[in-house]
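Some notes on the structure that comes next.
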Amino acid sequence: MAHLTDKIILITGAAGAVGSAVAAGVREQGGIAIATDLAGADLDLDVTAEADWQRVVDDVAATHGHLDGLVNAAGIVALGSIENLDFATWRRVLSINLDGTFLGCKYAFPLLKPRGGSVVNLSSVSALVGGHNLAAYNASKGGVSLLTKSVALLGARSRPPIRCNAVCPSFLEGPMVDDIAKSARDPAAAMDKMSAGIPLGRMGKPSEVAALCLYLLSDEAAFITGADLPIDGGLTAR
Ligand SMILES: NC(=O)c1ccc[n+]([C@@H]2O[C@H](COP(=O)([O-])OP(=O)(O)OC[C@H]3O[C@@H](n4cnc5c(N)ncnc54)[C@H](O)[C@@H]3O)[C@@H](O)[C@H]2O)c1
């Protein structure tokens, strides 16, 4: 059981399925969640906008003085192969998923340095295995997973250390997968197909991913850094 008493955790994409579950879990475990999203959270933050990051870290510095954790959960998916994906969509996916994670790590780092801390990046099984129609998503999440290792190695030089890990979920219940299914000719069949591809025979729950994030944020995970942790019902086991 992770304990986050008094830990100050900044969360992006916190109006979404995973981010909101992480924010709720942080609060349940006695921590202070600073929930951010485009709208509908404690603070407005577009992860692609450097000026937004500056405003938010200035706000956190003035209110709390430091951070103990960051969860980069903002993200989007767009279906498309290199043949049919337009460049604007490619750039939008890379911008939110990869640039946004870069900016989050970059701007949170100075606030994590004084006391050490933990960064959790929402990557995906799409960082580990490809899909013919996931060109931008695959590239963005592959980038997130390797960026995570770079941040982990930098953070390992800090005293106290800053850890950084990536979690790699397969399909989860929630709006992201609902939107993918809606774009299929037969949404119900598409949902069944996605579940059937997972050895445990079901989609994951945002709360299950949040539980892993909470563990990684906690001191119980003090020796885990630079890891890509699949949480995928066995999808990448074969
Ligand atoms: N849902 C899945 O099946 C699944 C699987 C693997 C990985 N992931 C990853 O987990 C993370 C969370 O996914 P989710 O299921 O909670 O998705 P979600 O769609 O429920 O939530 C994503 C949130 O990101 C926010 N967002 C989008 N663009 C933003 C921007 N520019 N700035 C700030 N916020 C922005 C949205 O407003 C939304 O609230 C994402 O990075 C996603 O790629 C999800």
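Some points to look at:
- Scope the stretch 136-157; condition small (Gly, Ala, Ser), away from the ligand (no atom under 15 Å from the Cβ) and out of contact with any Gly (no Cβ under 6 Å at 6 or more places or on another chain); matching residues: Ser150, Gly155, Ala156
- The set of residues in the stretch 223-238 that are of a type outside the set (Phe, Trp, Tyr) and either surrounded by fewer than 16 Cβ atoms within 10 Å (Cβ to Cβ) or without any contact (Cβ under 8 Å) to a residue 40 or more places away in the chain (or both) comprises Ile224, Gly234, Thr236, Ala237, Arg238.
- Sole exception among (1) touching an Asp or Glu at 6+ places or on another chain (Cβ under 9 Å); (2) near the ligand (Cβ under 10 Å from one of its atoms) for Leu128, by number: (2)
- In the stretch 58-73, the qualifying residues are those that are among the small types (Gly, Ala, Ser) and buried (at least 17 other Cβ atoms within 10 Å of the Cβ), and the one that is nearest to the chain's Cα centre (by Cα) is Ala73.
- Selection status of Thr89, out of contact with any strand residue (DSSP E or B) (no Cβ under 7 Å at 6 or more places or on another chain), of a type in the set (Ser, Thr, Tyr) and more than 13 Å from the ligand (Cβ to nearest atom): no
- Complete set of residues in the stretch 203-222 that are open to solvent by 40 Å² or more (accessible area, probe 1.4 Å) and in a helix (DSSP H, G or I): Ser207, Glu208, Ala211, Tyr215, Asp219, Glu220
- Note on the stretch 10-45: among residues that are open to solvent by 40 Å² or more (accessible area, probe 1.4 Å) and not small (Gly, Ala, Ser), the one that is farthest from the ligand (Cβ to nearest atom) is Ile32.
- Matching residues, the stretch 46-57, being buried (at least 16 other Cβ atoms within 10 Å of the Cβ) and assigned to a helix (DSSP H, G or I): Asp52, Trp53, Val56, Val57
- Residue that is farthest from the chain's Cα centre (by Cα), among those in the stretch 96-135 that are surrounded by fewer than 16 Cβ atoms within 10 Å (Cβ to Cβ) and assigned to a helix (DSSP H, G or I): Pro110
- Residue match in the stretch 158-168 (condition: open to solvent by 50 Å² or more (accessible area, probe 1.4 Å), out of contact with any helix residue (DSSP H, G or I) (no Cβ under 7 Å at 6 or more places or on another chain) and part of a loop (DSSP other than H, G, I, E, B)): yes
- Taking the stretch 50-86 as the range and being within 10 Å of the ligand (Cβ to nearest atom) and under 26 Å from Ile180 (Cβ atoms) as the test, the residues that pass are Val71, Asn72, Ala73, Ala74, Gly75, Ile76, Val77.
- Every pair of residues 6+ apart whose Cβ atoms lie under 7 Å, when the first sits in the stretch 158-186 and is more than 11 Å from the ligand (Cβ to nearest atom) and among the charged types (D, E, K, R) while the second is open to solvent by less than 80 Å² (accessible area, probe 1.4 Å) and assigned to a loop (DSSP other than H, G, I, E, B): Arg163/Ile224; Arg163/Thr225
- Restricted to the stretch 1-25, and to residues there that are hydrophobic (A, V, I, L, M, F, W, C) and modelled with pLDDT under 95, the residue that is nearest to the chain's Cα centre (by Cα) is Ala2.
The values are calculated or read from the model by the stated rules, or taken from the named source; none is laboratory data. Source: prediction; values computed, not measured. Neighbour counts are summed over all protein chains in view; Cβ atoms, including those assigned to glycine, are modelled from backbone coordinates with ideal geometry. Side chains included, ligands, DNA and RNA excluded: accessible areas come from the protein's heavy atoms. Shrake-Rupley method; radii C 1.70, N 1.55, O 1.52, S 1.80 Å.
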